[in-house]
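S.K.: Structure incoming, see below.
The values are calculated or read from the model by the stated rules, or taken from the named source; none is laboratory data. Worth saying up front: this structure is predicted, and the values here are computed from it rather than measured. Positions of Cβ are generated from backbone atoms using ideal geometry, with glycine treated the same way; all protein chains shown enter the neighbour counts.
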Amino acid sequence: MDHSEQQHLMKAPFYAEQAGEVALFEHAFRQRLPVLIKGPTGCGKTRFVEHMATRLGRPLITVSCHDDLSAADLVGRHLIGEQGTVWHDGPLARAVRSGAICYLDEVVEARKDTTVVLHPLADDRRVLPIERTGEQLVAPPGFMLVISYNPGYQNLLKSLKPSTRQRFVALSFGYPAPEVERSIVVAEAGVDPSMAGRLVKLAEALRRLTNHDLEETVSTRLLVMAARLVASGLPLAVACRSAIVDALTDDHETAAALDEVVQAMLGTAT
């Protein structure tokens, strides 16, 4: 089994529900419908899928999509071995054969021709044609296709075609409400609620900034990273500088502006 394939565990990974997405996902699974999750970086999309795979008792196969990801990378290819040419399934074919949840993270990063292979799996046919072997894999009831992307990164060259997205049930994710985000930071980093609350208030202030050219604002993931550094004994100022400010920008002026917000909100000099 590939390192990206995770067998379900007895206890689901921690996930703090925001707006009924757990029930919607369960209904989609029971109705054999594929799911599209859209939301900013670090808002919990991957953790949610991991949580749901465990909750539903299904193995999970995750593919991190990138510019060079081809259809053959997903479906499979013939490889030359000691016994001659042998067919090797790709992660999508393995997921279909085993009845797993296949999660394609940041699917818009993949090559345009790659997403076309998803179409027969994402409609009522639920089949994966493998042209090179002549097989037509029929997805069992336990198989589910889940894709995600970040709408903030979309442009004319990287967007999901209507013919693809209209095959999916869509879930829109944002950053959690403050009280939910505090509970996440406490659970994930082991800091006390007071420290978690201070970091969440900092995130709210940073997310209100509109006059700086940031590709992304501070995510829940970055808050957890900063909190973990604090929990291990690193000063709060150093933790915020390393896990938040320097992670958001390389520009010195922008970093200085972010530092000012950190100091004003937390009372720490960075």
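S.K.: Which pairs have Cβ atoms under 9 Å, sit 6 or more apart or on different chains, and link a residue in region 164-190 that is at positive phi to one that is modelled with pLDDT of 95 or more?
M.R.: Every condition considered, the pairs that remain are GLY190/ALA227; GLY190/ARG228; GLY190/ALA231.
S.K.: For the list (1) surrounded by fewer than 15 Cβ atoms within 10 Å (Cβ to Cβ); (2) outside any helix (DSSP H, G or I); (3) among the aliphatic types (A, V, I, L, M), I need the number of the one condition that ALA122 fails.
M.R.: ALA122 satisfies every listed condition except (1).
S.K.: Out of (1) more than 27 Å from PRO34 (Cα to Cα); (2) assigned by TED's automatic domain parsing to the domain that holds THR114, the odd one out for TYR149 is which?
M.R.: Going through the list (1) more than 27 Å from PRO34 (Cα to Cα); (2) assigned by TED's automatic domain parsing to the domain that holds THR114, TYR149 breaks only (1).
Rundown of residues vs (1) part of a helix (DSSP H, G or I); (2) touching a residue at least 12 places away in the same chain (Cβ under 8 Å); (3) closer than 27 Å to THR46 by Cβ, yes/no style:
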residue: ALA226; (1), (2), (3): yes, yes, yes
residue: VAL230; (1), (2), (3): yes, yes, yes
residue: ASP246; (1), (2), (3): yes, no, yes
residue: ALA256; (1), (2), (3): yes, no, no
residue: GLU260; (1), (2), (3): yes, no, no
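S.K.: Could you check region 75-115 and list, in sequence order, the residues that are closer than 16 Å to VAL138 by Cα and aliphatic (A, V, I, L, M)?
M.R.: VAL75, LEU92, ALA93, ALA95, VAL96, ALA100, ILE101
S.K.: I'd like to know if region 133-146 contains one or more residues that are at negative phi, in a loop (DSSP other than H, G, I, E, B) and β-branched (Val, Ile, Thr).
M.R.: Within region 133-146, one or more residues are at negative phi, in a loop (DSSP other than H, G, I, E, B) and β-branched (Val, Ile, Thr).
S.K.: Which one is modelled with the lowest pLDDT among residues in region 207-223 that are buried (at least 21 other Cβ atoms within 10 Å of the Cβ) and among the aliphatic types (A, V, I, L, M)?
M.R.: The residue in question is VAL218.
S.K.: For region 193-227, give me the residue count where each residue is out of contact with any Pro (no Cβ under 7 Å at 6 or more places or on another chain) and more than 24 Å from HIS51 (Cα to Cα).
M.R.: 20
S.K.: Quick one: which helices (runs of 4 or more DSSP H) sit completely within region 5-111 and have at least 1 residues that are small (Gly, Ala, Ser), closer than 25 Å to GLU181 by Cβ and free of Cβ contacts under 8 Å to residues at least 12 places away in the same chain?
M.R.: Filter on region 5-111 gives 21-30.
S.K.: Something else about it: Give ALA53, ALA23, ALA95 a once-over and let me know the one that is modelled with pLDDT of 95 or more and loosely packed, with under 12 Cβ neighbours inside 10 Å.
M.R.: Being modelled with pLDDT of 95 or more and loosely packed, with under 12 Cβ neighbours inside 10 Å holds for just one of ALA53, ALA23, ALA95, which is ALA23.
S.K.: Among the listed residues THR164, THR217, identify the single one that is of a type outside the set (Phe, Trp, Tyr), more than 24 Å from ALA12 (Cα to Cα), under 23 Å from the mean Cα position of the chain (by Cα) and not in a loop (DSSP other than H, G, I, E, B).
M.R.: Exactly one of THR164, THR217 is of a type outside the set (Phe, Trp, Tyr), more than 24 Å from ALA12 (Cα to Cα), under 23 Å from the mean Cα position of the chain (by Cα) and not in a loop (DSSP other than H, G, I, E, B), namely THR164.
S.K.: Would you confirm, using the coordinates I've provided, whether VAL75 is surrounded by 20 or more Cβ atoms within 10 Å (Cβ to Cβ), in the same structural domain as ASP113 (by TED's automatic domain parsing) and either in contact with a strand residue (DSSP E or B) (Cβ under 8 Å, 6 or more places away or on another chain) or more than 24 Å from LYS112 (Cα to Cα) (or both)?
M.R.: Yes, satisfied.
S.K.: Restricting the search to region 175-187, which residues are crowded, with 21+ Cβ neighbours inside 10 Å and part of a helix (DSSP H, G or I)?
M.R.: GLU181, ARG182, ILE184, VAL185
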